[in-house]
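The values are calculated or read from the model by the stated rules, or taken from the named source; none is laboratory data. Everything quoted here is computed from the prediction, not taken from an experiment. Backbone-built Cβ (ideal geometry, glycine too); neighbour counts: all protein chains shown. Just the protein is used for accessible areas: all its heavy atoms, side chains included, with ligands, DNA and RNA removed. Shrake-Rupley method; radii C 1.70, N 1.55, O 1.52, S 1.80 Å.
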Amino acid sequence: MALIALGVTGGIGAYKAVEVARGLQKRGHDVVAVMTHSATKFVGAVTFEAITRRRVITDQFETGANSDIEHIALASTIDLLIVAPATANVIGKLANGIADDFLSTLYTATRAPVLLAPAMNTNMFAHEAVRKNLDTLAARGVRFVEPGEGYLACGWIGKGRLAEPDEIVAAADVILRPASPLRGQKVLVTAGPTYEDFDPVRFIGNRSSGKMGYAVAAEAVRRGANVTLISGPTSLEPPAAREVVQVRTAAEMHRAVMSRAGQMDVVIMAAAVADYAPQRAPQKVQKGADTLTLVLHKTPDILGDLGHRRLSSAKGPVLVGFAAETENLLARAAEKRAKKHVDLIIANDVARSDAGFDVDTNAVIVIGPDGSEPLPLQSKARIASDILDRVERVLAAHGSRTDQGTSQVRG
Ligand code: PMT
């Protein structure tokens, strides 16, 4: 995808830069590592060479590597320069135009965006000289991943620890990704199971962990959407959504979704909502007879209600449902898409052990107006990203239809 120069300078966090390189590669980027002399005291250049499968640049004037002027050649081909960790020393050099080694020369020569992940002792980070240099760089358009707080290698406690590799990779992604059509859009995502109580201590539930829905919500946040996450019971940490609503039952989820859907641009129902619920006994059901019969009543079909509401109105959000099936996946999912009047159905074969409920990976088939498209087995985060790419396309078509004032009815 992109060619990224990863500058590594001499701080204790240099070892984490190895994980940054791996994270960038996992996202399909090509990484070239540029190490300062001090960085090589913390991590060997061979480590980066083995991971990036490229020569690691450690010296401005290495013989045999100057058939062209390397820092100029690299400066004009990279899509992004990351410096992680960025020490007070390198920050000072970059801010003041000192170009006395390969990394600082590369910074001065490139017109690619620059992302710095500062890491240093707390007092150094708070020092006026460093603050001034950071302000100078920020005013020049350099982006930052703030250091973390906590126990530092120097024994101090405070702000200055290099940000986690995942955060640095995510920040790089935001810079590299073109502005998403979901930016500023209102997106409602449901996730997790519902629990239907049949007495004060027992319930009927399902195996949904919430991972798929949370991954969709996190990806929508990352694309700049205003996200409302409506979640059944899970143990997951919610992403930085604008609103997180915790519910327990299908009826509660129905109320939470229906009262908000009118203001949404997109609704994505990844929750595994109970289709039937028992009457809740006021007291604990006592053990007695050999068998116990529970009478279950149909719950409201949230997605179906949204689809029908949109049919009878000139406007309405883009609707995306999931279909969890153990057999006849495509046919049943397509049937649900038509019956619930939604734009996209994500067909999920939940009979597989590596996809569907309570695992970190998924493999699905997206069924939309133009047919079906399989998304192969990958992390739920990647699946979420692929699904939102398709949602963006529907949203674009939806917008143009709205502009023309034509009907929003879809089959
Ligand atoms: O949470 P994880 O462990 O990560 O697992 C992910 C998942 C398997 C739960 C997820 O990928 C998934 O498939 N979610 C949909 C599960 C489901 O309820 O499927 P369904 O085929 O029964 O329902 C079809 C659609 O109607 C779904 O979008 C569902 O949210 C919705 N529905 C269902 C019943 C109901 N009463 N109201 C609804 O809105």
Regression test value, accessible area per residue of the stretch 3-176, probe 1.4 Å, units Å², expected 47 Å²
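Could you look at the stretch 186-404 and say what percent of its accessible area is carbon and sulfur, using a 1.4 Å probe and all protein chains?
Values: 5320 of 10490 Å².
Carbon-and-sulfur percentage of accessible area, whole number: 51.
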Looking only at lysines whose Cα falls under 21 Å of K16's and that sit 8 or more positions away or on another chain, we get K26, K41, K159
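Checking the a/c ratio against 1.5 first, then a/b against b/c, what shape does the Cα gyration tensor give for the stretch 253-349?
Values: a/c = 3.08, a/b = 1.68, b/c = 1.83.
Because a/c hits 1.5 or more and a/b fails to exceed b/c, the stretch 253-349 counts as oblate.
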Averaging sequence separations of C-alpha pairs under 8 Å and six or more residues apart, then dividing by the length of the chain, give the relative contact order as a whole percent.
10 percent
Cβ crowding within 10 Å averaged over residues, with 252-262, 173-183, 292-302, 336-346 ranked highest first:
336-346, 252-262, 173-183, 292-302
Taking the alpha carbon gyration tensor of the stretch 333-386, what are the square roots of 5 times its eigenvalues, largest first, to the nearest whole Å?
21, 12, 9
Using a Cα-Cα cut-off of under 24 Å, which lysines could be cross-linked to K284, ignoring same-chain neighbours fewer than 8 residues away?
K298
Under the rule of at least 5 residues apart or a separate chain, name every residue whose amide H is placed under 5 Å from the amide H of G210.
G192, D358
Express in % the proportion of alpha carbon pairs of the chain at distances exceeding 34 Å.
45 percent
For V244, distant residues with modelled amide H under 5 Å away
L229
Heavy-atom accessible area of the stretch 1-53 with neighbours in place, 1.4 angstrom probe: carbon+sulfur share in percent works out to 54 percent
Mind checking which aspartates and glutamates have their C-alpha under 13 Å from K339, skipping anything on the same chain fewer than 8 residues away?
D301, D305
Could you give the length gained by full extension between I98 and T293, i.e. 0.36 nm per residue of separation minus their alpha carbon distance, to one decimal place?
62.3 nm
